[in-house]
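Following: one structure in structure tokens, then a few remarks.
The values are calculated or read from the model by the stated rules, or taken from the named source; none is laboratory data. All values reported here derive from a predicted model rather than from experimental measurement. All Cβ positions, even for glycine, are placed from backbone atoms using ideal geometry, and neighbour counts span all protein chains on display. To get the accessible areas, we keep the full protein, side chains included, count just its heavy atoms, and leave off ligands, DNA and RNA. Shrake-Rupley method; radii C 1.70, N 1.55, O 1.52, S 1.80 Å.
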Amino acid sequence: MGYETSRHLASLGTHVVIAGNEEEEGLIAVKKIQKESGHRKVEFMCLDLASLQSVRQFVQRFKAKGLPLHILVNNAGVMLVPERKTEDGFELHFGLNYLGHFLLTNLLLDMLRDSGQSRRFSRIVTVSSATHYGGRLDLNDLQGRSYYSSHGAYSQSKLALVLFTYNLQERLWARGDPVTANAVDPGMVDTDLYQNLCSPAQLAKKPVAKMLFRTPAEGASTTVYAAVASELEGVGGLYLYNGQKKISSASSYDKRLQEKLWTKSCAMVGLQEA
């Protein structure tokens, strides 16, 4: 969960857990949020989404706290990084942006179900991107081994998140679970995600960012809306941008592709398919 989203939820009196792999930055964020909001129930927990072992360990530690789980925000990500692999051998964009969140969400589903109620559903909010419109999912080469493109890998991971969200919601509805799942597009936000642009692009970005890019607070607005808006109570399976429902890419609605991706993802992370 990003800083701005965490800050807003803390201001509502919610017990907030910030999960991330940068402990020092996380603890600084916790203290800052506590100071700004006056709310003490904000804490940091280590989680490296590029490591399936770390995801499983985080879930164990979180469950041991005995807290309810009403809102899960899947927000971590990398963008346009050179070809690299996670410790489990997955292409980094696909492994961190998608598979880490896929495993985390599935391992926390029982808590979300138990915390949800008929008039207060638990909510899963997954941050995608407009780049998913250009994404292409090759189920035979999800790791980009035949040809690697950082942009292609990033857009594929964001498409996978939308496919996952829609398929997850169908499964939740089929079970009658008091849990909703929605995907959000924060827009172009001026964050460190753009640090992997080449030097000329970095220079060109700076003046453009001031005019066109959103601040982190503005970028978090749709995520916060999806997490707490009363009009979204019990409403799932949406793609949201600027607080409004939008049509995602044509391929994201392909139910056969959704199912195949889910099955393949379960095999990759070692989950038994329900």
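Brief remarks on what is shown
- Loop-located trypsin sites (Lys or Arg not before Pro) in segment 44-83 whose Cβ has at most 16 other Cβ within 10 Å (DSSP): 65
- Model label points for residue 254 and residue 63, set 7 angstrom from Cα along the Cα-to-Cβ axis, are 3.5 nm apart.
- Considering only 251, 51, 37, the Gaussian network model of the chain with Cα springs below 10 Å gives its largest mean-square fluctuation to 37.
- The residues of the chain expose on average 49 square angstrom of accessible surface per residue, using a 1.4 Å probe on protein heavy atoms.
- Carbon + sulfur, % of accessible area of the chain - ligands and nucleic acids excluded, 1.4 Å: 52
- Using a Gaussian network model of the chain in which every pair of alpha carbons under 10 angstrom is joined by a spring, one finds that among 167, 140, 75 the greatest mean-square fluctuation is at 140.
- The chain - percent relative contact order, Cα under 8 Å, separation 6 or more: 18
- Where GluC sites (Glu not before Pro) in DSSP loops with at most 14 other Cβ within 10 Å are excluded, longest remaining stretch of the chain: 88-232
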